[in-house]
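All of the numbers you see were taken from the coordinates with simple rules; none came from a lab. Because the structure is a prediction, the values reported are computed rather than measured. Positions of Cβ are generated from backbone atoms using ideal geometry, with glycine treated the same way; all protein chains shown enter the neighbour counts.
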Amino acid sequence: MNLRIDRQTCWLVGGVLALLVVSSLIGWALSLRVSGEPGRATVQNLNARIRAWWMMVAVFGLALATGGIGSVVLFGLTSFLALREFITLTPTRPGDHRTLFWVFFVIVPLQYYLIAVKWYGLYSILIPIYAFLFIPIRSAVAGDCANFLERTAKIQWALMVCVYCLSYVPALLSLQIAGYEGQDAKLMFYLVLVAQISDVMQYVWGKTLGRHKIAPTVSPNKTWEGLIGGVASATLIGAGLWWATPFSPLQSAGMSFVITLMGFGGGLVMSAIKRDRGVKDYGSLIQGHGGVLDRIDSLCFAAPVFFHLTSYYFE
Amino acid sequence: MMKSLFVAVARFVCGVRARWVGCTPDARQRVYFANHTSNLDALVVWASLPPFVRDLTRPVAARDYWIKNRLRRYLAHDVFNAVLIERRRPTARDNPLTDMLGALGDRHSLIIFPEGGRHDGGGLAPFKGGLFHLAKDRPDVEFVPVLIENMNRILPKGEFLPVPLLGGVSFGAPLKLETGEVKAAFLARAEKAVGSLQPS
């Protein structure tokens with residue numbers, strides 16, 4: 001995989017770094033001004049999030065700099081960590097042990113291997129066909145019938161969200177777009193940036209103006225003000241990044257709109273699962289954000305849709 | 001070197017998160033007593049201690065299991081510095097209690113599993129009396145309840161390949177034998193202390 005690091009990539013990276021510097025300064029200013037216990041806790045959490053962002057941007061930047069293979073490895077590891085968070089939270093039985101071993105150590109590496117060799121015909125069906133049929137077969141062989149359908153569905157859904165959907169991010173590197181050869185890394189950057197900015201913007205709008213809750217039983221933090229403000233601002237920012245993509249400004253706005261909406265849906269669905277299991281976060285690996293899965297839930301839902309829209313209209 | 005490698009592997013495979021609920025890491029002499037569901041239990045409790053405590057802490061383990069082959073012997077002696085005890089046929093000469101008291105000495109701490117064997121799922125098995133006798137002989141030592149979670153899912157009984165889920169190790173408030181406290185009462189209190197570490 002040879003990916004060019006061109007001037008546009010430098011602009012993208014520079015822009016993100018500038019954004020981080022500005023947010024760190026704002027976080028610092030807020031920490032000086034804030035008073036009162038709840039406010040201080042919010043600002044502390046905000047600053048922990050910003051510090052974690054520096055870390056995540058550094059890791060992602062490093063993966064991009066190594067060309068395609070680094071990104072495949074990075075997302076493969078992310079899938080692995082997300083999957084372990086998901087399965088930990090999901091009650092399984094001893095009869096699932098060997099099935100889970102296959103899932104973690106065969107299916108996950110195989111999926112990302114197929115992404116690395118750009119075998120679209122197989123990576124797009126490995127999990128929804130072969131893994132989905134293999135999982136119940138292996139569990140049935142183990143012989144435990146209690147809650148069989150439920151257990152199978154949980155493992156399948158974990159694979160779907162944490163592995164299959166997320167693997168569509170590095171899969172962008174296998175797209176062949178006329179006039180955009182060798183530049184797919186920017187497309188990957190674009191997707192991750194818009195999805196994450198949408199999360200941040202929904203958080204900011206929600207924290208400042210949020211009044212009307214969308215689904216209070218699922219997530220008390222998701223408000224209409226946050227959603228509309230977040231989607232609108234992230235769509236605008238995404239439209240403004242059209243120069244790094246094969247899209248026109250209007251097309252870029254449309255793509256960003258879809259990414260932000262799918263991202264919102266992903267966050268909501270993953271919150272519903274957490275709420276059902278009685279936890280607030282999937283893990284504690286990323287300071288201020290919770291677990292890996294808490295950070296990538298929106299990306300998981302947005303990636304396959306973005307991939308297929310781009311492939312259908314532009315490839 | 002091998003030690004830190006093992007700790008790193010154990011922490012990665014078992015995703016161990018240590019929660020210090022009732023006490024903080026300390027080099028003072030302690031007996032950590034935990035529930036037992038998996039062969040990895042001793043390793044994860046030991047690995048979740050900070051290095052300055054870990055160096056002083058010795059897991060107590062079944063001799064018959066740990067001398068079976070060269071790798072196990074190597075791990076028990078050179079990596080974990082384990083105290084190997086006879087669990088099948090204790091005799092006056094081969095008394096686990098004497099071995100544990102000897103291993104404690106005047107600076108070491110121990111990790112023990114008072115349920116005796118591994119128990120799958122569903123609550124704790126009744127604790128064996130050794131814990132009480134240790135507490136009686138060493139009133140100066142703190143007895144710290146430890147709850148190990150999810151290890152039976154990472155490596156259930158009878159399996160040999162671990163699945164890398166996130167395990168948890170919680171450390172509770174230290175117990176001491178109260179004056180005049182009888183064996184049954186102390187053991188019941190100890191069992192309750194481990195059970196109550198379950199996060200709601």
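Odds and ends about this structure:
- Within the span defined as region A:116-127, one or more residues are loosely packed, with under 15 Cβ neighbours inside 10 Å, more than 14 Å from chain B (Cβ to nearest Cβ) and small (Gly, Ala, Ser).
- Residue within region B:50-61 that is farther than 16 Å from residue B:109 by Cα and touching a strand residue (DSSP E or B) at 6+ places or on another chain (Cβ under 9 Å) present: no
- Considered as a group, the residues in region A:136-167 that are surrounded by 23 or more Cβ atoms within 10 Å (Cβ to Cβ) and touching a Pro at 6+ places or on another chain (Cβ under 8 Å) include one that is farthest from residue A:246 (Cα to Cα), and that residue is A:164.
- Considering region A:62-91, and only residues there that are within 14 Å of chain B (Cβ to nearest Cβ) and over 13 Å from residue A:166 (Cβ atoms), the residue that is surrounded by the most Cβ atoms within 10 Å (Cβ to Cβ) turns out to be A:84.
- Some residue of region A:180-200 being on the phi > 0 side of the Ramachandran plot and outside any helix (DSSP H, G or I): yes
- In region B:10-35, of all residues being within 16 Å of residue B:58 (Cα to Cα) and crowded, with 17+ Cβ neighbours inside 10 Å, the one that is farthest from the other protein chains (Cβ to nearest Cβ) corresponds to B:29.
- Test: residue in region B:149-163 that is buried (at least 20 other Cβ atoms within 10 Å of the Cβ) and under 24 Å from residue B:27 (Cβ atoms): no
- Scanning region B:164-200 for residues that are among the β-branched types (Val, Ile, Thr) and surrounded by 13 or more Cβ atoms within 10 Å (Cβ to Cβ) yields B:169, B:194.
- Of the strands (runs of 3 or more DSSP E) entirely within region B:1-91, those holding at least 1 residues that are closer than 22 Å to residue B:168 by Cα occupy B:17-20, B:30-34, B:57-62.
- Residue A:100 vs. criteria within 14 Å of chain B (Cβ to nearest Cβ), buried (at least 18 other Cβ atoms within 10 Å of the Cβ) and part of a helix (DSSP H, G or I): yes
- Tally of residues being closer than 30 Å to residue A:103 by Cβ and in contact (Cβ under 8 Å) with a residue 12 or more places away in the chain across region B:147-196: 19
- Selection status of residue A:182, surrounded by fewer than 23 Cβ atoms within 10 Å (Cβ to Cβ) and either among the aromatic types (Phe, Trp, Tyr) or touching a residue at least 24 places away in the same chain (Cβ under 8 Å) (or both): yes
- Filter pass, residue B:159 being touching a Pro at 6+ places or on another chain (Cβ under 9 Å), assigned to a loop (DSSP other than H, G, I, E, B) and facing another protein chain (nearest Cβ under 10 Å): yes
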